[in-house]
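Since every read-out is calculated from the coordinates, none of them should be taken as a lab result. The structure displayed is predicted, hence computed values, not measured ones. Methodologically, a virtual Cβ is constructed for each residue, glycine included, from the backbone with ideal geometry; neighbour enumeration extends over all protein chains shown.
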Amino acid sequence: MSKDIPTLYGSLVFSDKVMRNKLPKDVYKALRKTIENGTHLELDVANSVAVAMKEWAVENGATHFTHWFQPMTGFTAEKHDSFITPVGEGEVIMEFSGKELVKGEPDASSFPSGGLRATFEARGYTNWDPTSPAFIKDNTLYIPTAFCSWSGEALDKKTPLLRSMEALNKEAVKILHLLGNTEVTSVITTVGPEQEYFLIPKELYAKRRDLIFTGRTLFGASAPKGQEMEDHYFGALKPRVAAYMHDLDEELWKLGIPAKTKHNEVAPAQHELAPVFDTTNVAVDHNQLTMEIMKKVAEKHDLVCLLHEKPFDGINGSGKHNNWSVSTNTGVNLLDPGKTPAENIQFLVFLVAVIKAVDEYADLMRVSASGAGNDHRLGANEAPPAIVSIFIGDELTEILKSIEEDKFFNAHKTIQMDIGAHVLPHFTKDTTDRNRTSPFAFTGNKFEFRMLGSSASVASPNVVLNTAVAEALAQFYKELEGTAPEDMETAVHELIKRAIRKHKKVIFNGNGYTDEWIKEAEERGLYNLVSTPDALPQFIADKNIELFTKHSVFTKEEIYSRYEILLENYVKTINIESKTLQEMLTKDFIPAVNGYAAEVAVNANEKKALIEGLATTAEESIVKELTEASNTLSAKVAELKAVTEKADAAAEEDMQKAAESFHKDVLTLMDEMKDVANAAEEKIPDEELPYPTYDQMLFYV
Ligand code: ADP
Ligand code: MG
């Protein structure tokens, strides 16, 4: 039975179409103005919108509403209020006012604020973001909001994102006008995040404390088969997975999330979902919802969706590819080379602005993709290296080189030369060669930022991209300001030349997975921020504080608060992992190892009693190896406990030091223990093991 998808699509969204139908004309117009230009919304308009929204929500089964926000935990938060208002004896009506729509005051004092609220007051406020549509989920009307403190400090991930989009808008429009493109009145960034995930049977998940508490397996011997056959990638979907994906698509479509592509990924039990791109803040909201719905739908299918960056050792982890571009209100994608020389010039300016931005703020990009989970991927030969560089392909490299060297562009046949009046090369379209190993790749009409972890909000990486590019454009504007229109092309030519000379070191079209690249990157002076504790201090580097404060994206206090929260989050994560490992080994695994060794010993003795002089070398070596493993693990558990407590104690005084200690001491020891446990596990029959194995988890769906 095929459902009517266009009817289903967005059926739970208070969309533009619903608004047009439900709102009085003048109210609709006023609201559109607010959405498009960010103008202030009058209370009577808000009241009118609230009434229509409530009517629509109630018609669609909603009984409650919630302001939906994105605190700095990276998750979403909500607190539901019902629409009911008592009137008279035992009667209620359903009510919702403009004030309730526009502003909320959740008692949100338990969210991390990195010290921000302590200095002011504990209250936090949520403010409606009318540019991201409201929707219904589980009989509640969800109103996307920004979350800030009484004195206006951003306490969430959305506010800085909106500010960064505004910064880019401002600088992009300015430079476009300077380049003679005066039609454009606003510019937005667009994002399409490709989301990777694992699906495993729920009953197996429920047996592993590590998956439950940390989202990843802390040990587990590899299955005989991993991903080496390359048979899973784009392979046929197993029926249970196909049914899951089908349900997932429908749930997402109802919420107006344009889920488009789905396929199996490289690792066994790994999959991917990609939506059609959208305006950045909407895409960020949608990605948060997508992750949540992915987990929820999995439950229904007796599966668990793992969004952790590295749930299983030895096979690929999960990331998120953040496809990013910039487009104008006139419908032009500024990262599309375009067809005319004028479009080419615009494109080159924006392309070079991105190159400059990435070169100057590579450290911030790394910070934006940091986190305990993602540290297992970056630089581990399956994901981009921790070194940020840009891939632009051979043709664009040639074009930039021709500008840099004042040579005419001598290109492949697909590219048209336009000598004569124009100093800049005219080219049609880059035939985008592919490179899977670059953390930041140009893919024809957008950049793909590939360092992001699968579980994280995509807000931060886009805050960095938007702001860094805004800054590059602002600097370009300054360099070009005052140039007469007839001299503009020459001036742009010179500007690109200077910028390329300065920033070409960040361009790398080769294989990012090799050791040679690590060496070369170092010689080029690029950052190689290997771990989260290495990366985070860059957040508070002077140049980065200057960037964010100049563009009013973060205040200095807001930056420090986020730095603190990220550090603390890292420390807490590894602390939980360590304690979980200790518990699993002590309570389940070591007893299982000892139990099986004892069983083998008893059997060997019985055999010997039965037949005198019988050799039991197989049993003896198992007993010996397992007992040694058990002894080693017991000793290391004690050591791990001590090291963890020490690192955790350091957190009281110096969070940065604690994070470094968790990275250097705790994680290193946990890795050693994992190897010992895995070697022991290989010698024990599955039914004697306390936990489901990699074989079972990865191949039995
Ligand atoms: P690729 O083959 O390069 O991965 P796709 O066409 O499959 O490209 O797109 C991958 C993702 O990039 C999708 O989510 C898509 O919507 C998104 N995307 C395409 N164009 C843009 C754009 N202009 N801005 C942001 N994202 C985009
Ligand atoms: Mg892609």
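Descriptive notes on the structure:
- Farthest toward the positive end of the dipole of the chain, out of Leu161, Ala223, Thr573, is the Cα of Leu161, where the dipole comes from beta carbon charges about the Cα centre.
- Mean separation of Cα contacts under 8 Å (6+ apart) over length of segment 569-699, as relative contact order %: 35 percent
- Put simply, the amide H of Lys260, placed in the peptide plane, has neighbours under 5 Å in Ala274, Val276, leaving out anything fewer than 5 places away on its chain.
- With both labels modelled 7 Å from their Cα along Cα-to-Cβ, the Met488 to Glu404 distance reads 2.7 nm.
- The packing ranking of peptides 679-685, 471-477, 249-255, 457-463, highest mean first, is 457-463, 471-477, 249-255, 679-685, where packing means the average number of other beta carbon atoms within 10 angstrom of each residue.
- Relative contact order, percent, the chain [alpha-carbon distance under 8 Å, six or more residues apart]: 15 percent
- For the pair His177 and Asp302, the difference between a 0.36 nm per residue extended length and the Cα-Cα distance amounts to 39.4 nm.
- Kirkwood Rh in Å, taken over the chain so that all alpha-carbon pairs contribute: 27.8 Å
- Counted over segment 144-236 with a bin width of 5 Å, the fraction of Cα pairs per bin, in whole percents, is 3, 9, 10, 11, 10, 10, 9, 10, 10, 8, 6, 4, 1.
- Total charge dipole magnitude, the chain, about the Cα centre, Cβ charges on Lys, Arg, Asp, Glu only, Debye to nearest 20: 1320 debye
- Simple spin-label estimate for Glu55 and Lys624 in nanometres, 7 Å along Cα-Cβ: 8.5 nm
- HN-Hα J in Hz across segment 462-469 - Karplus 6.51, -1.76, 1.60, θ = phi - 60°, x for Gly and Pro: 6, 4, 5, 4, 4, 6, 5, 6
- For segment 22-139, the Kirkwood estimate of the hydrodynamic radius, built from every pair of different alpha carbons, is 15.9 Å.
- Each residue of segment 181-189 was assigned a 3J(HN,Hα) from its phi angle through the Karplus expression (A = 6.51, B = -1.76, C = 1.60, θ = phi - 60°), giving 8, 8, 5, 6, 10, 8, 10, 10, 9 Hz with x at Gly and Pro.
- Helix-derived mean residue ellipticity, 222 nm - over the chain, DSSP H n ≥ 4, -39500 (n - 2.57), to 500: -15000 deg cm²/dmol
- Across segment 323-332, computed HN-Hα scalar couplings (Karplus, 6.51 cos²θ - 1.76 cosθ + 1.60, θ = phi - 60°) run 6, 9, 8, 10, 9, 9, 5, 8, x, 9 Hz from first to last residue, x flagging Gly and Pro.
- For segment 34-93, a/c is not less than 1.5, where a ≥ b ≥ c are the root eigenvalues of the C-alpha gyration tensor, and a/b does not top b/c. That puts it in the oblate class.
- Semi-axis lengths, largest first, of the ellipsoid equivalent to segment 164-554 are 39, 22, 20 Å, with √(5λ) applied to each eigenvalue of the Cα gyration tensor.
- In segment 65-168, GluC sites (Glu not before Pro) in a DSSP loop with at most 16 other beta-carbon atoms within 10 Å: Glu89, Glu91, Glu95, Glu121
- Long-range HN-HN contacts of Asn323 with modeled amide H, under 5 Å: Gly192, Glu194, Phe449
- Selection among Val49, His80, Gly104 by position relative to the dipole of segment 5-156 gives Val49 as farthest towards the positive end (Cβ unit charges, Cα centre).
- Taking the C-alpha atoms only, the angle from helix 515-524 to the longest principal axis of the chain is near 40 degrees.
- Largest-first principal axis extents, alpha carbons of segment 569-699, Å: 65, 33, 19
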